[in-house]
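Trainee: Submitted below is the structure of interest, expressed as C-alpha cells.
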Amino acid sequence: MTALIEAHYLPSIAYFTAIRGAETILLERHEHFTKQTYRNRCCINTANGELVLVVPVTSKRGKVVITDVRLDFTQKWLNNHWRTVQSAYGKAPFFEYYADDLHNALFKKVDFLYELNYILLSMCLKWLRWDMPIKETEIYTQSVVKPLLDLRSAINPKKSDQVHQFYYPVMYNQVFGSTFVENLSLIDLVFCEGPGAGKIVEDSAIPKMNK
C-alpha cells in the first residue's frame, strides 16, 4: 500500500499512525497551500500547556502551489521555535540524544516550506527506524483508486475528531502536567520515550488502517 499525504511541519503522532501500514509514502507536491493547517504548524507541550508553533511564510495572493511557498525569515521564528523547544523539552529523558538532529534539520535554512517539511519527515522516519521510502506526486489528481490510500487533509486542526479513525491515544510520560495531552508533534513522543516511540506509534494505530 502507498499512502498519499501532504507534508506537515513536525508532524503529529496521528500522521504516523495514518501512514503506519504503508510500504511507501507519496507526498503531494502539486496541491495549493492551505492556510491554518499543519502544513506550517505543529503542537508541542510546555509548562503553560499545549502550544502551537507556526512557521510564517511569505504572503502571496491567490492560489500558490505548495512547492512555491517561501519561508519568511524576516521574522525570527526559527530561533524562537528552537528556544521554545529547548525550554519545553530540555529536561526530557531523550532530548540530548535527538536534539542535534532537529537543530541541524531546522537550521539548514532552506528557502521553501515544502523542502523543510520533507527534511523533517525524513528525520522523523529515521527516529522511528521506519524503512519507508518517500516519493512525490508528478501531477495533482482529485481522486485516486486503491491500492493508493488518500490521506490528504485527513489530519486537520479544524477537524480534530477526524484523526480518531486511525489514531487511538496511548498514554506515555510527558514532561509537564498531570493531564495527558494527545496527538502532539512526534518530537514530544520521541524526546520523552526515545527508542520506544515507534512501539507507541504502532500501539496507537487503529488496526484497520494497518492492513
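The values are calculated or read from the model by the stated rules, or taken from the named source; none is laboratory data. A quick note: this is a predicted structure, and the numbers were derived from the prediction, not measured. Counting neighbours? That spans all protein chains shown, and the Cβs are built from the backbone with ideal geometry, glycine included. For the accessible areas, the whole protein counts, side chains as well, though only heavy atoms, and no ligand, DNA or RNA atoms are used. Shrake-Rupley method; radii C 1.70, N 1.55, O 1.52, S 1.80 Å.
Trainee: Return the total of residues in region 170-192 being more than 26 Å from Asn40 (Cβ to Cβ) and surrounded by 16 or more Cβ atoms within 10 Å (Cβ to Cβ).
Mentor: 2
Trainee: For region 128-172, what are the residues that are within 23 Å of Glu193 (Cβ to Cβ) and aliphatic (A, V, I, L, M)?
Mentor: Leu128, Met132, Ile155, Val163, Val170, Met171
Trainee: Out of curiosity, is Gly62 at pLDDT below 95, closer than 27 Å to Arg129 by Cβ and not aromatic (Phe, Trp, Tyr)?
Mentor: Against the criterion (at pLDDT below 95, closer than 27 Å to Arg129 by Cβ and not aromatic (Phe, Trp, Tyr)), Gly62 does not qualify.
Trainee: Taking region 64-91, which residues are β-branched (Val, Ile, Thr) and either within 19 Å of the chain's Cα centre (by Cα) or more than 14 Å from Leu113 (Cβ to Cβ) (or both)?
Mentor: Answer for region 64-91, where residues must be β-branched (Val, Ile, Thr) and either within 19 Å of the chain's Cα centre (by Cα) or more than 14 Å from Leu113 (Cβ to Cβ) (or both): Ile66, Thr67, Val69, Thr74, Thr84, Val85.
Trainee: What are the pairs, 6+ residues apart or on separate chains, where a residue within region 185-203 that is of a type in the set (Asp, Glu) has its Cβ under 7 Å from a residue that is assigned to a helix (DSSP H, G or I)?
Mentor: Note: pairs meeting the criteria are Glu193/Ile200.
Trainee: For Asn40, work out the one condition from (1) within 15 Å of the chain's Cα centre (by Cα); (2) surrounded by fewer than 18 Cβ atoms within 10 Å (Cβ to Cβ) it doesn't fulfil.
Mentor: (2)
Trainee: If I go through region 134-169 residue by residue, how many of them are among the hydroxyl-bearing types (Ser, Thr, Tyr) and open to solvent by less than 50 Å² (accessible area, probe 1.4 Å)?
Mentor: 2
Trainee: Look through Thr74, Thr67, Thr2 and report the one residue that is of a type in the set (S, T, N, Q), open to solvent by 20 Å² or more (accessible area, probe 1.4 Å), more than 22 Å from Asn104 (Cβ to Cβ) and touching a Lys or Arg at 6+ places or on another chain (Cβ under 7 Å).
Mentor: Thr67
Trainee: Still on this structure, please answer the following. Mind checking which strands (runs of 3 or more DSSP E) fall wholly inside region 23-137 and carry at least 2 residues that are under 22 Å from Phe176 (Cβ atoms) and without any contact (Cβ under 8 Å) to a residue 60 or more places away in the chain?
Mentor: In region 23-137, 49-54 are the strands (runs of 3 or more DSSP E) which contain 2 or more residues that are under 22 Å from Phe176 (Cβ atoms) and without any contact (Cβ under 8 Å) to a residue 60 or more places away in the chain.
Trainee: Do we have any residue at all in region 9-23 that's under 30 Å from Leu148 (Cβ atoms), crowded, with 17+ Cβ neighbours inside 10 Å and touching a Cys at 6+ places or on another chain (Cβ under 6 Å)?
Mentor: Checked against the condition, which is being under 30 Å from Leu148 (Cβ atoms), crowded, with 17+ Cβ neighbours inside 10 Å and touching a Cys at 6+ places or on another chain (Cβ under 6 Å), region 9-23 yields at least one hit.
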